[in-house]
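My structure is below; once you've seen it, I'll send some questions.
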Amino acid sequence: MSDDWWQAYREYLASPEWKARVAAVQERAGGRCEQPGCRRKGRHAHHKHYRNFGNEPLEDLIWLCLPCHQAEHPDKKISGKSPFQKLVARHRRRKYKRP
């Protein structure tokens, strides 16, 4: 996928529309991972595919726990931290970096 696509993806993930879809998927799942056989607490909305990217019906999304989401992306590091938590961690690493 192109750099333009990834930029649009990042912008979409920050949008109120995406946040509303995430909330709806989480509510549908009752907060639990929707991967068959898993009952952990879910943390991530995962696209089953990107054919309807930006206008996904809820059926295109699944609510996953961190281990199940990581299993869907074996070549990518999936973080369990929110964007705010990531920002705070980066700040702390820079602030308290040893000389």
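Since every read-out is calculated from the coordinates, none of them should be taken as a lab result. Since this is a predicted model, take the numbers as computed values, not measurements. Glycine gets a Cβ as well: all are built from the backbone with ideal geometry, and neighbour counts include every protein chain shown.
For region 3-95, what number of Lys pairs, 8 or more residues apart or on separate chains, have alpha-carbon atoms under 23 Å from each other?
For region 3-95, qualifying lysine pairs total 17.
Within 10 Å, count the other beta carbons around each residue, average over each peptide in 63-72, 9-18, 44-53, and list them highest first.
Ranking, from highest mean packing down: 63-72, 44-53, 9-18.
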